[in-house]
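What follows is a short report on a single structure.
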Amino acid sequence: MGDHEMATNEERKPCLKLEIEDDAPVAKRLYMKEEKKWGVHRALFIVCLVGLPLLVIFCGGSFSSTLIWLRDAKVSVVKGLTHDSNQTSTPINNYLDGLIPSNFNKGSCLSRFEWALLRKSSPHMPSSYLLQKLRNYEALHKKCGPNTPLYKKSIEQLKSGHSVEHLDCNYVVWIPLNGLGNRILSLASTFLYAILTNRVLLIDMTNELDDLFCEPFPDTSWILPSDFPVKNLNQLNVNSDVTYGNMLNKHIISNDSNTTFESLHSYVYAHIVEDYHDLDRMFFCNDDQIVLGKVNWLLLKSDLYFAPALYKLPLFEEELNLLFPAKESVFYLLAHYLIHPTNDVWGLVKRYYNSYLAKADEKIGIQVRVFSFTRVSSDVILQQILDCSKLESILPELHSNGTQAFKTNEQKSKAILVVSLHAYYYEKIKSMYTGELVSVYQPSHEEMQKTENQLHNQKALAEMYMLSLCDVFLTTGISTFGYVSYGLAGIKPVILMPIWDKKIPDLPCVRETSMEPCHLQPANPSCKGRTMDKEKVQQYVKQCPDKDVGIKLFD
């Protein structure tokens, strides 16, 4: 944590507010309930040594101030893991109607099965075709995964520099870029591309991604081995010689669909980033995909949710329609199959949820992202939030004298979860509500984004999942963090319209009509050969409300 957050106990508000009855047994009760549930029996001193510092890390305070905070808390204990009582009676292979394979060890990744127990049942069920496709993919990944004989054979061809023969296993290597929201969106898109093209997905596991996600595929790994022959993958960029666009420009590769694999390089780098050139964008053309399908290794770097662009290719049309009859469910289903927080991250989510959010009748999530290009004060953004809330009835209504207004016979308890890098918005909203029925919480406030920091990413992922457990969602436009959060929740949020260079939008916000994330920078290439009928595509690939050039999927 930065020095700006080191303050006296009187100066800072705790980022968590545990509910306790007495002093000494607090840490023991909170952690031993989970330890017992997971079958781990540790002595109390280990719980104190390991558990309490985790709370400190998540809060951003010092160890001594956390002890003072625990001592001074004045509310009663909530039973830990209130939703876990039915957990053992829920068949593992019933999760999202079989989306998750049944041959996982449950204890190795609790979030894979427990998230659904904290949410209301979802209407977004996977198609039988998607389930079969995923089972087939799992078998392929196990056959072709790292260090298998077929993987080693492909590596030998990669080292040769050119394609010698057609191999049984083709690969796409995902290279992370930018913030965690961007990474999750591009990873889900890359996995969709992998199952459409019968490739094995491997990820370049950088240090800041360590201990974030569980392994998603049974009995194998998705992590690219450290001895992969192509080094410094993170340094590949739009000017690299091996980009698809530069290879086309230098005639090293031809986008003629009749190109034979013997004439191809052993790998190609696909640069799907905001700064991609016109020839890089040809990746999203039908004939180019036919050629790329013959390349054994595809290295792909992206910070975009490019799944909507795949719907513009005739090559994938039939398959996508079978996989996702409900087009708005693409990210929701892919993310809940692929992205699962590790037990360390999930522990943060569960402890916070059960301490503060679980008992509320309604959970309201507010995600505030402040972009540098807005160039307005925090007061202006706060007023936009309040104007939007009044327009869309997000926050509980207040009388003119500041007291809470209730409808007749409707006094539901509400928990407001504010997620932002800054404490200002939490403090202002909290000061508005003094009654017992409305509580306002903020898990952390780090003041600045720290993409290369593992602990920062763990907290960010935890907060995405906390938001995904909310019933109502207000998010900042064009925020990939917000896209992931409401996409995981499977709800249509209210979006704060972006403020560009001090220009306040006429409407403070809009209510989304699709729960899909926005593809903020679509390629729009000039393709030769077969293309999709534009009018047909425009029925379900439409403009994003928060960015004019962006596209997203609609039902």
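Ranked by the mean number of other Cβ atoms within 10 Å per residue, highest first, peptides 239-248, 300-309, 123-132, 174-183 order as 300-309, 174-183, 239-248, 123-132. Val230 sits among other residues whose Cβ lies under 13 Å from its own Cβ, and their net charge, with Lys and Arg +1 and Asp and Glu -1, is 0.
List the GluC sites (Glu not before Pro) within segment 448-555 that DSSP assigns to loop and that have no more than 11 neighbouring Cβ atoms inside 10 Å. Don't skip to the answer; put the middle values down first.
Numbers: sites: Glu452, Glu463, Glu512, Glu535; in loops: Glu452, Glu512.
Those that pass, being in a loop and sparsely packed, are Glu452.
Of all accessible surface on segment 422-555 at a 1.4 Å probe, what whole percent is carbon and sulfur? Could the numbers behind the result be given before it?
On the way: 2780 of 5600 Å².
Here carbon and sulfur together make up 50 percent of the probe-accessible area.
Return the carbon/sulfur percentage of the accessible area of segment 250-402, one whole number, probe 1.4 Å, all protein chains in place. With neighbouring chains kept in place, the figure for segment 250-402 is 48 percent. For segment 486-555, the per residue solvent-accessible surface stands at 51 Å², with DNA, RNA and ligands left out and a 1.4 Å probe. When only the Cβ of Lys, Arg, Asp and Glu is charged (+1, +1, -1, -1), the dipole of segment 224-315 relative to its Cα centre reaches about 120 debye.
What order do you get for 413-424, 479-490 when each peptide is scored by the mean count of other beta carbon atoms within 10 Å, highest first?
Details: 413-424: 21.1, 479-490: 25.2.
So the peptides 413-424, 479-490, ranked by packing, come out 479-490, 413-424.
In terms of overall dimensions, the C-alpha atoms belonging to segment 178-291 reach 42, 29, 26 Å along their principal axes, ordered largest to smallest.
When the charge dipole of segment 186-323 is built from unit charges on Cβ atoms (+1 for Lys and Arg, -1 for Asp and Glu) and taken about the Cα centre, the candidate among Thr243, Ala309, Phe213 whose Cα reaches farthest toward its positive end is Thr243. Distance from the Cα centroid of segment 142-189 to that of segment 215-240 is 7 Å (rounded to whole angstrom). For the pair segment 488-527 / segment 297-344, the C-alpha centres are spaced 19 Å from each other.
Rolling a 1.4 Å probe over the heavy atoms of the protein chains gives segment 153-216 an accessible area of 30 Å² per residue. To put it simply, the accessible area of segment 124-206 at a 1.4 Å probe is 50 percent carbon and sulfur.
Positive end of the dipole of segment 229-367 (Cβ unit charges, origin at the Cα centre): among Ile272, Gln367, Leu233, the Cα lying farthest that way belongs to Gln367. Checked against a 25 Å cut-off, the cross-linked pairs Lys152/Lys301; Lys363/Lys492; Lys250/Lys542; Lys231/Lys294; Lys106/Lys133 give Cα-Cα distances beyond that limit for Lys250/Lys542.
A 1.4 Å probe run over the protein chains yields, for segment 264-408, 34 Å² of accessible area per residue, whole-number rounding.
Among 202-211, 331-340, sorting by the average number of other beta carbon atoms lying within 10 angstrom of each residue, highest first, gives 331-340, 202-211. Taking the dipole about the Cα centre of segment 124-187, with the C-beta of Lys and Arg at +1 and of Asp and Glu at -1, give me whichever of Leu134, His162, Pro149 is farthest to the positive side. Positive-end residue among those listed: Leu134.
The values are calculated or read from the model by the stated rules, or taken from the named source; none is laboratory data. It should be emphasised that the depicted structure is a prediction, and the values quoted were computed from it without experimental measurement. Backbone-built Cβ (ideal geometry, glycine too); neighbour counts: all protein chains shown. All accessible areas refer to the heavy atoms of the entire protein, side chains included, with ligands and DNA or RNA removed. Shrake-Rupley method; radii C 1.70, N 1.55, O 1.52, S 1.80 Å.
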